[in-house]
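Heads up, the thing below is written out as structure tokens.
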């Protein structure tokens, strides 16, 4: 299976781990669809692919994945160009020091770090089912127990802080994995992968000082190299786990019995998320077909 050429879709595919993974899969002969918000970074990725002799196997889609409509457009474009998707790797994230609302009126961390992953994972279900061994790899923070989904304040209207918003969305991704596996809308295996702190500076260019400087310094002295952090993901794509849901924290399996993977909370978040989407765009092909999800 590891020698088969695959079609790999990567959100946040022009920075950090996403970019490294895109180049690694291209080097193995795969087709790659890289989704990113910067046209300039997309052009750099395309140039790097050309140097690998892979210009005809890479597509860059510029999109703001914090928008529900943009997720729908991306899914439609992928479906037009590809008959199957073997792997979806979800890397897109952005740290916002101040609370920002998207065009849908949603807090941006929730919209990008959690909701876009829900929408892409379910929206590509038909293409997963056309693959022999589909897998979704959600680059998040399983195993971390800081933060919790606050169902009374999903949009972090009270006491917003960048760390709090990131932690809440991280826990939402834990629950997303549980719901995806329990109420599957496709055959795709789901992996929650925590790479640890990596030497990737994607998503911080807009930050002010001293925060940006501190993160940059930490990346130089304390972070894992991106190539090391992305290596397990390459393996997960080649040989997806057999279990419907796997949580991996830097190579160590995470106990799915932790409170952060509570099945009832996962079902509740799935129901609430459906209502959020329907309230803004109506019933959508990005939503799972299961009425309870």
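Could you please give the count of residues in segment 5-17 that are in a strand (DSSP E or B) and closer than 17 Å to residue 70 by Cβ?
Looking only at segment 5-17, we keep the residues that are in a strand (DSSP E or B), and these are 7-11.
Then keep just the ones that are closer than 17 Å to residue 70 by Cβ; that gives 9-11.
The qualifying residues number 3.
Summed over segment 33-58, residues that are in contact (Cβ under 8 Å) with a residue 12 or more places away in the chain and over 22 Å from residue 94 (Cα atoms) total 7.
Among the residues of segment 33-42, some residue qualifies, meaning at least one is part of a helix (DSSP H, G or I), in contact with a helix residue (DSSP H, G or I) (Cβ under 9 Å, 6 or more places away or on another chain) and crowded, with 17+ Cβ neighbours inside 10 Å. Selection of helices (runs of 4 or more DSSP H) fully inside segment 144-253 by the criterion of at least 2 residues being in contact with a helix residue (DSSP H, G or I) (Cβ under 9 Å, 6 or more places away or on another chain) and either at pLDDT below 95 or surrounded by 13 or more Cβ atoms within 10 Å (Cβ to Cβ) (or both) returns 162-182, 226-238.
With modelled with pLDDT of 95 or more, within 23 Å of residue 284 (Cα to Cα) and surrounded by 18 or more Cβ atoms within 10 Å (Cβ to Cβ) as the only criterion, which of 90, 101, 45, 21 stands out? After ruling out the rest, the residue left standing is 90.
For every residue, the table says whether it meets (1) part of a loop (DSSP other than H, G, I, E, B); (2) over 14 Å from the mean Cα position of the chain (by Cα).
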site	(1), (2)
19	no, no
48	no, yes
65	yes, no
78	no, yes
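The values are calculated or read from the model by the stated rules, or taken from the named source; none is laboratory data. Model, not experiment: these values are computed from the prediction. Note that we place each Cβ from the backbone using ideal geometry, even for glycine, and neighbour counts take in every protein chain shown.
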